[in-house]
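Peer 1: I'd like to ask you about the structure that follows.
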Amino acid sequence: MKIAVQTEDFDVALEMQHLRQARTDVGALVSFVGLVRDLNEGDAVAQLSLEHYPGMTEKALQAIAHEAAERWDIFDATVIHRVGTLQATDQIVLVVVASRHRAEAFKACEFIMDYLKTQAPFWKKESSASGERWLDAKDSDDEARQRWLK
């Protein structure tokens, strides 16, 4: 499994190609690309800054991806999350899951994103015309994670 926390942008097609490279048994690649929104809580977002604890963040992402692999029959997964200062519409997160069948890949991809939103140690600060504010997980993010609890 590829886990990366980086400042650089990522190439979705290249990451998908790497995930299925040299495999003939992959029947499904499911991906999610998250973008920095240009509007949040009624304010135009100028930029988003993300901070993390190196080492701890990667370990948390690895644990989330491994849990997905334990729950569903997937071959592999890639999770890339950007940090630093990003502009509206920049790519911020990529999750790609490879499996034999689409249902397993869809579930695993959705699970990874739901857990990433609430369990990964990232700190996000938005900048807008009205100032800066730190963002917390939304109630809807917590509710999405709750459905996966055993």
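Peer 1: Nearest 10 degrees is fine. How inclined is helix 56-71 to the longest principal axis of the chain, computing both from alpha carbons?
Peer 2: Relative to the chain, helix 56-71 is tipped by roughly 40 degrees.
Peer 1: Sequence-distant or interchain residues sharing an amide H contact under 5 Å with residue 3, placed H: which?
Peer 2: The list, which skips near neighbours in sequence, is 79.
Peer 1: So, one more: Hey, what do the phi angles of region 9-20 turn into as Karplus ³J(HN,Hα) couplings, whole Hz, using 6.51/-1.76/1.60 and θ = phi - 60°, x for Gly and Pro?
Peer 2: Calculated HN-Hα couplings, in order: 5, 10, 9, 4, 4, 5, 5, 5, 4, 4, 5, 9 Hz.
Peer 1: Distance from a point 7 Å along Cα→Cβ of residue 21 to each backbone N in region 56-91: keep the residues under 11 Å and list them by number.
Peer 2: Those under the cut-off are none; the list is empty.
Peer 1: Step through the residues of region 112-119 one at a time and calculate ³J(HN,Hα) from phi using the Karplus curve (6.51 cos²θ - 1.76 cosθ + 1.60, θ = phi - 60°), rounding each to whole Hz and writing x for Gly and Pro.
Peer 2: 4, 5, 4, 6, 4, 5, 10, 10
Peer 1: Classify region 81-150 from the C-alpha gyration tensor, please: rounded if a/c falls under 1.5, else prolate or oblate depending on whether a/b exceeds b/c.
Peer 2: oblate
Peer 1: Sticking with this structure for a sec: Within the chain, count lysine pairs with alpha carbon atoms under 22 angstrom apart where the residues are 8 or more positions apart or belong to different chains.
Peer 2: Lysine pair count for the chain: 16.
Peer 1: Skipping prolines and chain starts, which residues have an amide H placed within reach, meaning under 5 Å, of the one on residue 90, given they are 5 or more residues away or on another chain?
Peer 2: The answer is 36.
Values in this text are rule-based calculations from the coordinates and carry no lab data. This structure is a prediction, so every number in the text was calculated from the model and none was measured. Note that each Cβ is placed from the backbone with ideal geometry, even for glycine, and that neighbours are counted across all protein chains shown.
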